[in-house]
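To start, the structure under review is shown below, and the notes come after it.
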Amino acid sequence: MGVDFITCVVCSYNFPDCGDYARCAKCESYFCSQCMEKYTILDEDDDSGKESTCPFCTLEMVEPEKLLAFALKQLKVTQEQLEESYRAAHKKGKKK
């Protein structure tokens with residue numbers, strides 16, 4: 001039996017799955033022990049009666065991928081178009 005490492009969605013800390021951590025039962029995001037305590041993340045098996053306050057479920061935080069998808073939709077561009085525009089602007093800035 002091996003140990004897997006998981007990355008906390010809040011602080012990007014890599015932690016072993018044999019340690020103290022939580023997974024939000026609603027959005028299935030993983031949290032290290034410090035972020036778990038900070039945001040009161042409760043695992044599916046927690047029967048304390050408390051309500052989980054996952055920062056992604058309460059929209060206190062937004063995952064970067066979801067934010068990018070939203071921004072692209074609002075700007076009416078594809079990610080490829082935005083990347084090309086970024087490259088062009090970056091190259092233009094270097095010519096100065």
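Throughout, read-outs are computed from the coordinates displayed, never taken from laboratory work. Nothing here was measured: the structure is a model prediction, and the numbers come from that model. Note: ideal-geometry Cβ built from the backbone for every residue, glycine included; neighbour counts use all protein chains shown.
Looking across region 69-84, the residues that are surrounded by 11 or more Cβ atoms within 10 Å (Cβ to Cβ) and part of a helix (DSSP H, G or I) come down to ALA69, PHE70, ALA71, LEU72, LEU75, GLN79, GLN81, LEU82, GLU83, GLU84.
Selection of region 1-42 for residues being part of a loop (DSSP other than H, G, I, E, B), within 13 Å of PRO55 (Cα to Cα) and not aliphatic (A, V, I, L, M) yields CYS8, CYS11, CYS24, LYS26, CYS27, GLU28, SER29, THR40.
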